[in-house]
Amino acid sequence: MSKVLLAPLDPVHDNAIKLLNRKLVEAGYETATLPPGSTPEEVIEQGLTWRPSAILVSRTLGYKVGEILGRLVDLAEASGLRETARLGIGGMAITREVGAELGFDATFVGELNLPEVLAFLEGREFKAQVGDERAEKRTKPNLVEGYTYQFKDTRIEALLDAITNQILAWAEGKTSPGIERAKIRAEMIAEGVASGDCAGKPGVRQRLLDQYLGLCGPEIVAFYCENKLPSGVRRLRPDEIANLPHVLQDGRPGAAHIRHVGQKPSFFTQYGTGCPVMDVMHIKVCEAWGVDGVIHFDPSWGAQCEGLLEGSLSHEHDGTIVTLENFRFIHRYIDPGTAWLVRVHRGLNTPETLVLGQASGADYLKINIPYGSTGGGTDPERLTVDGVYCLRQAAQYGLPYNIPGNDELSGVPPHKSFASLLIMTALGLKLGARPIPNPLLCYSPYMMVHGAMDDNMVDMNLAKLAVWREIVDAPVWPGEPVGFMTHTPDRVQSSVTTAAHAALASSAGAVAVTFASSDEAYSKGPISLPARVDTIRATREMLRFFGSSQFRLTPVAVGLTARLHEDITAVLRKVAERGDFVAAIYEGLLGDRSDGLYPGRSGAHTVASDAAGLRQILSPDARWHQAQKLSEKELRPVSDRAGHGQETGPNAMRIGAKGDA
Amino acid sequence: MRAIGVAGTAKNTGKTTTALEIIRQSAEAGLRTALTSIGYDGEDKDTITGLPKPRYYLPPGMYVATSERCLRAGSAGYTVKAATTVRTILGRIVVAEIDEPGLVVVAGPNRGVDLRLILDIFENLGTDLAIVDGALNRIVPMISTDGLVLATGAALDERIACVARHARAIHEIFAPGRAADSSAWGQRISIRADRGHVTELETGSLLGEDTALQIHRLIHGPVRDLVIPGACDPRLIERLLDHGLNCLREARLVLGSPLKLLASGDPLAWSSLLTEAYGRGQLVEYIEKIPLLFMTVNPFYPRYLPYAQAYEPANVNKCELLAAVQDEVPGLPVFDIKQPPGPDLLSLLHRSTKGTQSHGT
């Protein structure tokens, strides 16, 4: 039996030694412990007498403490003990570099990781930490498993059935430049000519590229034809790509879960530094700290021009550019146990982003037609056509999709936002896909204006989760990220509020939670890794604090849930009665101007019944025509839009202009 | 090949600055130089105080023994010349030749046995001068080198007089010579009676009262030699002497090495013990010997700011520090590397060789 001498060189504390002693005895080791305040001489003297195979020291590092620890190591060498006993150290502020400087054989950083200690005692190589039981248990979460998607509220089910039938009937036979480009992209990937540097089949590549560029905006055409890069974009150098494996080689695999008990929720974090190499670093750090999934975020401008770039590209501002090469590069480094979500509702490039994500190994998608069609987003007509296409593709590839409810950030009340999520849920289910609604847990403008969270943030957030359990048996994934608008520039404050929201979501049975980096809202630049770790650590501590205990619905929360349920039903009834989903978005039934929501404009009038129709739409003359139509929409008051979908004449613009004037 | 250890009395006493100056002069002289460390050196900020610290910037042609991971972390270009079986917390150690000048992170062998292996590799590669960087106050593995350079300064103690007294004590520890019969002694504490009979203890180190009491019980008459090859706490020898073991007062004291003494106890305590021993006419010798070649002093120290829970750089008077230490160690060259005129360190490194000094009563 191996003998281990445990020595707290701390003058007072020996808790770590006591804990380690218990664990080692349980693991079958013979141990001896020294009391707090032991001197290096006493440790070595005991070692010479008892002859352990290892001496493990616990000590918090501070100034002049290094010299004490150095003396211990020197004494071990001088006494000859070092020839038979290996030396390990752990404690606050101890790092591997400090351990090396002090001359120890092993350093145990952070909280006690018994497999790591056992590996050291058994003389296994450091890389044997892959055997960390927590690392081995790391498996990709299946967020939809076990859910029946049965509607418990039959009134809502019936309304959704009517709404989704109308959407599918309306979208039938329609196409867009986005859909056509997605088909070309898929063909390019299938033919092996999706990258500009691909060898062979140059004729195939050129033919498909010509077709593709015929459906693209001028910025994208300039990229492919004139090698013009958008502002702030550069190609990654080969050495930047080649060096990454070396940088990651010494990374420590595995880490504790963020969860303290149970298998839910899975924790997702967003990345999108602009640089794929940096993204990988962020992902690896987040994985090491226990996140279960990562979400790709790209620049907002990528959603507003027709067509996608290609190649390994870096972007000096927020968001990493969607290209097949960037996706595949990032995915190559994502741990097999980490889920990868690609945000698909990328405006004019929604279907194409899905194709690239699917071809690169995405596990989950993200799409919400009403949310993507508002604010600075895409024209509702266009995104509905593209969105339906994507849901069909998601079903075909078996990729679950989450449905973000971030329109609440614009001021949309939760009942309208949730109505949208329910429509998207039912629409996907009807097409054979598996949806995961993302109700936003946040301190939204609506809550601020109406004082719904003046007393606390628990009741309303619990109600927002409870209402889903009343309506449908579906996985619920609060995001995105949780605690939105509770964050301030103070990193501690941001970490705490995020962690509180995550704990609440966990208590309420969420299947997954997306959380932010504590400097996400206020970083004024790239999100920093320490801030990410802050949030993860805070969340882990909060979950440790709550364990299996639960938040309970108070009478106030029960009342809020009931009110929310009724209001959602009322919104869905109005949308169903309107009989035109796209018109309902234009008219603000799912969030109107008073809520701070405006229909998106990108890609207006780019829907056609077939590819030939598209070519006509995209001709130079047609673009002038579209611009004219767009102006009509901008100038006409919302109440005039009842006739959406009908052909409007030139007079409409004049009438609208007069009206506004 | 000559191997030189650069050790410090504490963190931030100027080991790296001294080693960098030796490297600079070696490069100018066209010597093939090699570098390793018994710890870790390469961060641009101190791991404890957070204050800036010098880094190793190595010229082409130099050898370095460090972990593979640390090599990649530096900016110098390199070619790996030899892989070793020596492993540290930061990975396996390799020996590399610097191709392009740049910063190097050095994390070398932390045990004496491993250091010897690395020095053998340096020698086989045709190295003229090998430099072994110390780590904090750690010093014992340096016994594998041919001579020691010691860095001290205000980081040890902000009181100049204390630094100077400490330096004198260290100098005195290095004074005794190597025992002519050093090879006759093993790894255990041995007591040779006046009549020649030798009694051995199980242990080689004197660090606890139990061992001291064992020695006490074994001594029944005049002692010719008391041999303690391992670590030794000077207070326990004093206690033996104080508790009626007059027969020890005339015995020759054979200790492991000056480095083991430095590791085992306060140099001032050793200095006091040695002075008293010499006063009694007692002979003190070492089993292993290493010369102290010169000292460097550094006026810098990290001043702790309790209200900020941080450190700030501070300095004592550099001229006073240098003069005080020089006064306390007559015969031993002492420099402040940053104070002109710059010393010719290479000539000092070649001044003496291991085991040739003769000291005693």
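Readers should treat all values here as calculations from the given coordinates under stated rules, not as data from a laboratory. All of these numbers come straight from a predicted model, not from anything done at the bench. Every residue, glycine as well, gets a Cβ built from its backbone with ideal geometry; the counts of neighbours run over all protein chains shown.
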For this session: Between residue A:18 and residue B:199, take the C-beta separation as r, use R0 = 45 Å, and let me know the FRET efficiency to the nearest 0.05.
Result: 0.65
Exercise. Name the trypsin sites (Lys or Arg not before Pro) in region B:189-241 that are in a loop by DSSP and that have at most 15 other C-beta atoms within 10 Å, would you?
Worked result: B:195
For this session: Before anything else, pin down the relative contact order of chain A: Cα pairs under 8 Å, at least 6 apart, normalised by residue count, whole percent.
Result: 13
Exercise. If you line up the long axis of helix A:15-26 against the longest principal axis of chain A, both from Cα atoms, how many degrees apart are they, to the nearest 10?
Worked result: 90
For this session: Taking chain A as the reference, fit the longest principal axis to its C-alpha atoms, fit the long axis of helix A:65-78 to the helix C-alpha atoms, and give the angle between the two in degrees, 0 to 90, nearest 10.
Result: 50
For this session: Would you please give the FRET efficiency between residue A:168 and residue A:111, computed as 1/(1 + (r/R0)^6) with r the Cβ-Cβ distance and R0 = 60 Å, to the nearest 0.05?
Result: 0.70
Problem set entry | Under Karplus coefficients 6.51, -1.76 and 1.60, residue-wise ³J(HN,Hα) of region A:149-157 in Hz, glycine/proline x | 6, 6, 7, 8, 9, 6, 4, 5, 4
Problem set entry | Residue order, fewest to most beta carbons within 10 Å, for A:564, B:261 | A:564, B:261
Seminar exercise, completed: At the level of C-alpha centres, the distance separating region B:188-231 and region B:1-69, in angstrom, is 40
Exercise. Other chains' Cβ within 10 Å of B:230-236 residues: what's the mean?
Worked result: 5
Problem set entry | Dipole moment magnitude, nearest 20 debye, region B:247-361 about Cα centre, only Lys, Arg, Asp, Glu C-beta charged | 260
Exercise. When only DSSP loop residues count, what chymotrypsin sites (Phe, Trp or Tyr not before Pro) in region A:158-236 have their Cβ near at most 16 other Cβ atoms within 10 Å?
Worked result: none
Problem set entry | Per-residue mean of C-beta atoms belonging to partner chains within 10 Å, peptide B:130-139 | 5
Exercise. Dipole of the protein assembly as shown, Cα-centred, from +1 at each Lys and Arg C-beta and -1 at each Asp and Glu C-beta, to the nearest 20 debye?
Worked result: 700
Exercise. Which cross-chain or sequence-distant (5 or more) residues have an amide H under 5 Å from the amide H of residue B:131, H modelled 1.01 Å from N in plane?
Worked result: B:4, B:34, B:35, B:36
Exercise. Taking the Cα-to-Cβ direction at residue A:148 and at residue B:350 and moving 7 Å from each Cα, how far apart do the two end points lie in nm?
Worked result: 9.2
For this session: Return the whole-Å distance between the Cα centroid of region A:562-582 and the Cα centroid of region A:359-417.
Result: 19
For this session: Please give the helix B:318-328 orientation as an angle from the longest Cα principal axis of chain B, in degrees from 0 to 90, rounded to the nearest 10.
Result: 30
Problem set entry | Charge-dipole axis of chain B as Lys and Arg at +1 and Asp and Glu at -1 on Cβ define it, positive-most pick from B:227, B:340, B:125 | B:227
Seminar exercise, completed: Once normalised by the length of region A:466-587, the mean sequence separation of its alpha carbon contacts under 8 Å that are 6 or more apart gives a contact order in percent of 25
Seminar exercise, completed: If each K or R counts +1 and each D or E counts -1, the residues other than residue B:230 whose Cβ falls under 9 Å of its Cβ total +2
Seminar exercise, completed: Bridge orientation stat for chain B from DSSP, antiparallel percent rounded to 5, came to 50
Problem set entry | Residues whose placed amide H lies under 5 Å from that of residue B:107, excluding near-sequence neighbours | B:41, B:67
Exercise. Using the beta-carbon distance between residue B:218 and residue B:276 and R0 = 22 Å, what value does 1/(1 + (r/R0)^6) give for FRET efficiency, to the nearest 0.05?
Worked result: 0.45
Problem set entry | Alpha-carbon centroids, region A:40-72 and region B:243-304: separation in whole Å | 22
Problem set entry | chain B: calculated mean residue ellipticity at 222 nm from DSSP helix runs of at least 4, using -39500 (n - 2.57) | -8500 deg cm²/dmol
Seminar exercise, completed: Charge dipole of region A:401-498 built from unit charges on the beta carbon (Lys, Arg +1; Asp, Glu -1), centred at mean Cα; most positive-end Cα among A:428, A:406, A:494 is A:428
For this session: Using a 10 Å cut-off on Cβ to Cβ distances, tally the other chain neighbours for every residue of B:79-88 and report the average as a whole number.
Result: 1
Exercise. Using unit Cβ charges (K, R positive; D, E negative) and no other charged atoms, how large, in debye to the nearest 20, is the dipole of region B:96-197 about its Cα centre?
Worked result: 860
Exercise. DSSP beta bridges in the protein assembly as shown, what fraction antiparallel, as a percent rounded to 5?
Worked result: 35
Exercise. Rounded to the nearest 500, what is chain A's calculated 222 nm mean residue ellipticity when only DSSP H runs of at least 4 contribute -39500 (n - 2.57) each, over all residues?
Worked result: -15000 deg cm²/dmol
Exercise. If contacts are Cα pairs under 8 angstrom and at least 6 residues apart, what is the relative contact order of region A:155-312 in percent?
Worked result: 26
Seminar exercise, completed: Most exposed first, judged by fewest Cβ atoms within 10 angstrom, B:173, A:241, A:44 run A:241, B:173, A:44
Exercise. Of A:474, A:350, B:218, which is farthest on the positive side of the dipole of the protein assembly as shown, counting Cα position, with +1 on Lys and Arg Cβ, -1 on Asp and Glu Cβ, and the Cα centre as origin?
Worked result: A:474
Exercise. Not counting the cut sites, what is the longest span of chain A without GluC sites (Glu not before Pro) that DSSP labels loop and that have at most 16 other Cβ atoms within 10 Å?
Worked result: A:317-646
Problem set entry | Footprinting exposure proxy for A:519, A:592, A:473 (fewest neighbouring C-beta atoms within 10 Å first) | A:473, A:592, A:519
